[in-house]
1. Could you list all residues from the range 284-293 that are touching a strand residue (DSSP E or B) at 6+ places or on another chain (Cβ under 9 Å) and part of a loop (DSSP other than H, G, I, E, B)?
2. In the range 3-20, what residues are closer than 23 Å to residue 99 by Cβ and outside any loop (DSSP other than H, G, I, E, B)?
3. Go through the residues of the range 297-307 one by one and say whether even a single one is touching a residue at least 12 places away in the same chain (Cβ under 8 Å), farther than 21 Å from residue 42 by Cβ and part of a helix (DSSP H, G or I).
4. Restricted to the range 38-67, and to residues that are touching a helix residue (DSSP H, G or I) at 6+ places or on another chain (Cβ under 7 Å) and in a loop (DSSP other than H, G, I, E, B), which residue is surrounded by the most Cβ atoms within 10 Å (Cβ to Cβ)?
5. Would you point out which residue out of 128, 160, 152 is touching a strand residue (DSSP E or B) at 6+ places or on another chain (Cβ under 8 Å), in a strand (DSSP E or B) and buried (at least 21 other Cβ atoms within 10 Å of the Cβ)?
6. Looking only at residues in the range 17-37 that are touching a strand residue (DSSP E or B) at 6+ places or on another chain (Cβ under 8 Å) and surrounded by fewer than 16 Cβ atoms within 10 Å (Cβ to Cβ), which one is modelled with the highest pLDDT?
7. Quick test for you: out of 334, 330, pick the one residue that is touching a helix residue (DSSP H, G or I) at 6+ places or on another chain (Cβ under 7 Å) and surrounded by fewer than 19 Cβ atoms within 10 Å (Cβ to Cβ).
8. Just to be sure, is residue 181 surrounded by 15 or more Cβ atoms within 10 Å (Cβ to Cβ) and assigned to a helix (DSSP H, G or I)?
C-alpha cells in the first residue's frame, strides 16, 4: 500500500517563540543554546533554532506542485511562533499561486496587529487558529507565560473585524487546550467567542483536552482532565473495537495512492499523523509525526527524495504504519506512551 498525505505541515519557525507555555515541550532560545543534547533525537542533539528562508520554502513547496488535488490542508507552523517569520505573508501568497487550498496556521497571536492581519488576509490565508487558554487574563497568562491576554484578545477581535470588512475566505478557529487550570472557564469562554464568530465562514470555538505529546509534557498527571477520554490508553481502545479496521486498500485511486482525510483514521483509532500528515521541519528534513519535535529518525530532507510519494512511503513510515495496522505498537517507544491518537479517537467516538 502506498499512502499520500492529505495534510502537509511545513514548519516555518523552529525553537523561537515569545511565549513559554506550561504544556510546551520545546526548548527555545535564548533560554537554551542553539545546540544541546537531546536524547529523543536520532543523533543525540536538538534541532537548531531557525526560521525557514523563503527560498527554501519555495523549493519545498514546488516538490508538491503536482499534488494539489491530494493535499487538502497546508499548515505553516511547527515548533515556534509563525508570526515571528517576516516572510510568512510571502509564503502564503506563493502557496496560493501554486493552487493549494486551505492554507493556515496556529498562533498565540501576540503579534497579530491590524496591519499584519490585513496583509495575511490579502495574501490568501484560509484559516487561523488563535491559541487562547482562558476566559480570564490571569488564567491564560498562567498557562501561556510571557503573553499579554488583553493584547491577544484585541488582536484576534481586530482580525475578525478586518476579515469581515474584506469578506475574506478565512475561518477563525478559537482554540483552548483544556486542562485543570482552565476547565471551569470553558462555558464562559465559548459564549464570549461564539458571539464574535461567524459560523457561515467556518468559524468555530473548540477545546482539545491536553495530551502528553508522546509522554514529554512535564507534570502531565496534574494537568490532564481526570476521567476524560484521554484516561483510556490505545491498547484498551484496540481491544474494545475488535476487528473493525478499515479495508484501507479499497481506497486506492487510479495512481495507486491512498489519500484520506484524517478523520477516517481517527475513527478507527489509527494514528492520523502517520497515515495522512507529512511534517517538514524548517531545515527541510522530515518528522515522523506532529509529536516528533526532536527528529526521532534520520528520514532525511524532502529535497533528497525524487518525489514526495517516495518520502511518505519510505522505510520508517512503512514500519510504523505496519505496527498500527496490526494493532501492535508496544514495540514503538514513540507511540505507546503517546495520547494524541487516543484524544482524537475519543473526540469522534463520543
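The values are calculated or read from the model by the stated rules, or taken from the named source; none is laboratory data. Predicted model, so just to flag it, every value in this text is computed and none were measured. Ideal geometry is used to build each Cβ from the backbone, glycine not excepted, and the neighbour counts take in all protein chains shown.
1. To start, the set of residues in the range 284-293 that are touching a strand residue (DSSP E or B) at 6+ places or on another chain (Cβ under 9 Å) comprises 284-290, 292-293.
If the condition is that a residue be touching a strand residue (DSSP E or B) at 6+ places or on another chain (Cβ under 9 Å) and part of a loop (DSSP other than H, G, I, E, B), then 284, 287, 288, 289, 290, 292, 293 are the ones that fit.
2. 3, 7, 8, 9, 10
3. No.
4. Only one residue tops the list, namely 64.
5. Being touching a strand residue (DSSP E or B) at 6+ places or on another chain (Cβ under 8 Å), in a strand (DSSP E or B) and buried (at least 21 other Cβ atoms within 10 Å of the Cβ) holds for just one of 128, 160, 152, which is 128.
6. Among residues in the range 17-37 that are touching a strand residue (DSSP E or B) at 6+ places or on another chain (Cβ under 8 Å) and surrounded by fewer than 16 Cβ atoms within 10 Å (Cβ to Cβ), the one modelled with the highest pLDDT is 20.
7. Numbers: 334 fails: touching a helix residue (DSSP H, G or I) at 6+ places or on another chain (Cβ under 7 Å).
Answer to the selection: 330.
8. No, not satisfied.
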